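For reference, the structure is listed below as C-alpha cells.
Every read-out reported here was derived from the displayed coordinates using simple, explicitly stated rules and does not represent laboratory data. Quantities reported herein were computed from a predicted structural model and do not represent experimental measurements. Glycine also receives a Cβ, built like all others from the backbone with ideal geometry; neighbour counts cover every protein chain displayed.
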Amino acid sequence: MKILRSHKELEVYQLAFKTSMEIFYLTKSFPKDELYSLTSQIRRSSRSVSANLAEAFRKRS
C-alpha cells in the first residue's frame, strides 16, 4: 500500500478539484445579473469539497 504524503495525492481530491474547475468554467457563461448570487454560491460550494478533503487529511494523524 502506498503512503500518501499530501492530500493532493488522493484520487477523490483530484476528482473534486477537476470538477470544481469545470464548474468554474461552466459558470462563466451564466448571465451577469446572476454573478453575485447564484454563480458565486455554486463556485464556493464546489471549492469547499476540495477544502474539506484537505482539512480532513491534515487532521487524520
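Just in the chain: which trypsin sites (Lys or Arg not before Pro) are loop by DSSP and have at most 16 other Cβ atoms within 10 Å? All intermediate terms of the calculation are to be shown ahead of the outcome.
Values: sites: 2, 5, 8, 18, 28, 32, 43, 44, 47, 58, 59, 60; in loops: 2, 5, 28, 60.
Listed in order of number, the matching sites are 2, 5, 28, 60.
In this entry, the range 8-59 is assigned a mean projected area of 3.5 nm², taken as a quarter of its C-alpha convex hull surface.
Let me check I've understood the local charge: for residue 46, count other residues with C-beta under 12 angstrom from its C-beta, Lys and Arg +1, Asp and Glu -1. What total comes out?
Values: positive: 18, 43, 44, 47; negative: 22.
Value of the local net charge: +3.
Given the options 3, 54, 13, identify the residue whose Cα lies farthest towards the positive end of the charge dipole of the chain (+1 on Cβ of Lys, Arg; -1 on Cβ of Asp, Glu). Value: 3.
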